[in-house]
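What follows draws every value from the coordinates through simple rules; no lab data is involved. The shown structure was predicted, so the numbers you read here are calculated from the model rather than taken from an experiment. In this analysis, Cβ positions are derived from the backbone assuming ideal geometry, glycine residues included, and neighbour counts consider all displayed protein chains.
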Amino acid sequence: MSLLDQINSPSDLRRLSERELEVLAEEIRTFMISAVSKVGGHLAPSLGVVELTLALHSVLDSPRDKIIWDVGHQCYPHKIITGRAGEFHTIRQHGGLSGFPSQAESEHDIVGTGHSSTSISYGVGLMEAVRLAGDDEEGSSVACVIGDGALTGGIAYEALNQAGHLRTPLIVILNDNEMSIKPNVGAISQYLNKLRLDPTLYRVREDIEHGLEKIPGIRGGMRSLKESMKAFLVPGMLFEELGFAYIGIVDGHDIKALRKSIRQAIEVDRPVLIHIKTTKGKGYEPAEQRPDTFHGIAPFQVSTGEAIKQKGPITFTEAFGQGLARMAGDDDRIVAITAAMSSGTGLYHFENSFPDRFFDVGIAEEHAVAFAAGLAIGGYRPVVAIYSTFLQRAFDQLVQDVALQRLPVIFALDRGGLVGEDGPTHHGAFDMAYLRLIPGMTVMVPGDEAELQHMLYTALRLDGPVAIRYPRAAGRGVAMPVSFEELEAGKAQVIDRGEGALILGIGTGVGIGCRAARLLAERYGLRPTVVNARFLKPLDEDLIRELAARHEIIVTVEEGTRVGGFGSAVAEMFAQEAVPVKSFGFPDGFIPHGNRNRLLKDIGLTPEAVCAFIGERLLKKKVVKSERLMVSGEE
């Protein structure tokens, strides 16, 4: 029997020797690689923290002691040793384990995470809650594991600042692997690089301090001398000045050293930062060589590390990246900005072709938007490419720094709609609702990958802020444009004119509407009118009102929340006339993780559901109308 087979809870680790823990670490790596190769997932981050996970759980007493995983994409080893190894093959699958910490799954998942840089804030809150509650949890510890990539997020420093001010006895473990998804950027990354290169400075400082203490007559000025010396010699001076005791740099794959550091941190009566150095993708050569690829990987061949490729049209992401790079070749005012997502947003095309006009600001969405505002004021046309769910963080900047000043900043919102296996923290459910309420914001939603490029071309010619929202999905397989077309702002496109029912689709809702129309023709002999709305804001109210007057049923279809979204916008148009509008979209709630098509079916956002509703309603109307005529004739 393997050691892993004997682990059912973290308490089982305490009977193992450090040598046995090292063997267990390798078993966990093999176990994860095998499982993730079949279903995909965040492999490289989790491979890098196996020893850290075992060290934490063998020293601390979870869940009494609380371990918080920042972002959570490195939580797979944690899940495996907290009683979920038997379910691990279901990771990120419909009805299976979440790919992120989930309070619904285990008492050991203290918070449900998915967005970066929040762990220290959670930790300070938890420790202060213990203090306010009295002595019930006296002696319990809180450890926050945060990566160097997450330290580019400003909220992390806000939390460090408060923890230092309050002297909250919190343990922060800085997992330094020089990576978020791609290698980290910015001054903080450079600072951490300096610490990595000069770990001996810490020992030099201690040796000098011990030597100074032996010099007669110097004790009186010892404090000021030590402080001056720290500013010159201490590797973790930034953290020391914030009120943290600094321990580091520790080998993040040395279980003995990790356990010793954690025990030391527990004994300190103020916040402690343990700086560890790890290798992302540790123990699996393809992941070590290509940690960005294996950050979030699709199913792959274990022997080679090569992804099992799916054939099909290019994705919306790829269409955006290719289109922007082409347009930038003709317009040197175009600059591109992303928040640590150059590959995920397709901006690597732009980055490779125009490195001087490409900016990766790290995991700092608020700064990305305000930075873009500055570039726009300076005469450039910034394109900010961020996942829908992450742009939520910069809502204030959207309103105050861009829209209020009517600046020509373009927002490319990738992952609009369901993202599938990453689940509720990553679904782009709310963007259409929160964007359309911002005055002066033009919001476009393409129905296919070619239209996305035309919309980008159009956005670059509009004055004022523009958002283009598109899904994490393959395109519809349409031919990509040789030349770009400027669309008329606020004008929808009639795909097919019919009668009875008016189907207004936006984004992927257009494809659903078109397929529903085909089903209506096949099953009921009906031919509805289908419209590609194209613009969420401004809506083509003239066209919609004209068509609505000639149809009996109005249906909207969108891959986003119905609360305040596209359907809501159409319904608001007819509020005074009391014209009913049936909206197909996301319910008022959080949608779980799983296969995208399965999730769409579960929430009733399918061509079959649209077809059934329209068919039944129109047939019912015909029956009622026929009965009325019969009654009228008898009379």
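Details
- The charge dipole of the chain, taken about its Cα centre with unit charges on the Cβ atoms of Lys, Arg (+1), Asp and Glu (-1) only, comes to about 680 debye.
- Region 478-496 residues near the modelled Ser353 label - backbone nitrogen below 18 Å, point 7 Å along Cα→Cβ: 480-486
- Rounded tilt (10° steps) of 449-459 against the dominant C-alpha axis of the chain: 80 degrees
- Gained length - Asp269 relative to Arg523, 0.36 nm times residue gap less alpha-carbon distance: 84.2 nm
- Residue-wise HN-Hα coupling along region 355-372, computed from phi with Karplus coefficients 6.51, -1.76, 1.60 (Hz; x: Gly, Pro): x, 6, 10, 10, 10, 9, 8, x, 7, 8, 5, 4, 5, 3, 6, 5, 4, 5
- Placing a label point 7 Å from the Cα of Asp332 along the Cα-to-Cβ direction, the residues of region 371-412 with a backbone N closer than 20 Å are 375-383.
- In terms of the mean number of neighbouring beta-carbon atoms within 10 Å, the peptides 446-454, 248-256 order highest first as 446-454, 248-256.
- At an R0 of 30 angstrom, the distance between the Cβ atoms of Phe395 and Phe590 translates into a FRET efficiency of 0.95.
- Lys/Arg +1, Asp/Glu -1 at C-beta; the chain dipole; positive extreme among Leu126, Leu151, Ala319: Ala319
- Ordering Thr508, Thr82 by the number of other Cβ atoms within 10 Å of each residue's own Cβ, fewest first, gives Thr82, Thr508.
- Stretching the chain fully between Arg167 and Asp463 yields a gain of 101.6 nm (0.36 nm per residue, less the alpha carbon separation).
- Highest average packing first - 422-435, 405-418, Cβ atoms within 10 Å: 405-418, 422-435
- Rough spin-label spacing in nm, given labels placed 7 Å along Cα→Cβ, for Met480 and Glu128: 5.0 nm
- Cα shape, region 316-469, gyration tensor, a/c 1.5 rule: rounded
- Rounded to whole numbers, the Karplus 3J(HN,Hα) couplings from phi for region 407-416 are 8, x, 9, 9, 10, 9, 9, 6, 6, x Hz, using 6.51 cos²θ - 1.76 cosθ + 1.60 with θ = phi - 60°, and x at Gly and Pro.
- Here the Karplus relation 6.51 cos²θ - 1.76 cosθ + 1.60, evaluated at θ = phi - 60°, turns the backbone of region 317-328 into coupling constants of 4, 5, 4, 4, x, 5, x, 5, 4, 5, 5, 5 Hz, with x for every Gly and Pro.
- Rough spin-label spacing in nm, given labels placed 7 Å along Cα→Cβ, for Glu572 and Glu499: 3.4 nm
- Using a Förster distance of 35 Å, the FRET efficiency for Glu27-Arg598 (Cβ separation, nearest 0.05): 0.60
- Amide H contacts under 5 Å for Lys66, placed H, 5+ residues apart: Ser141, Val142, Ala143
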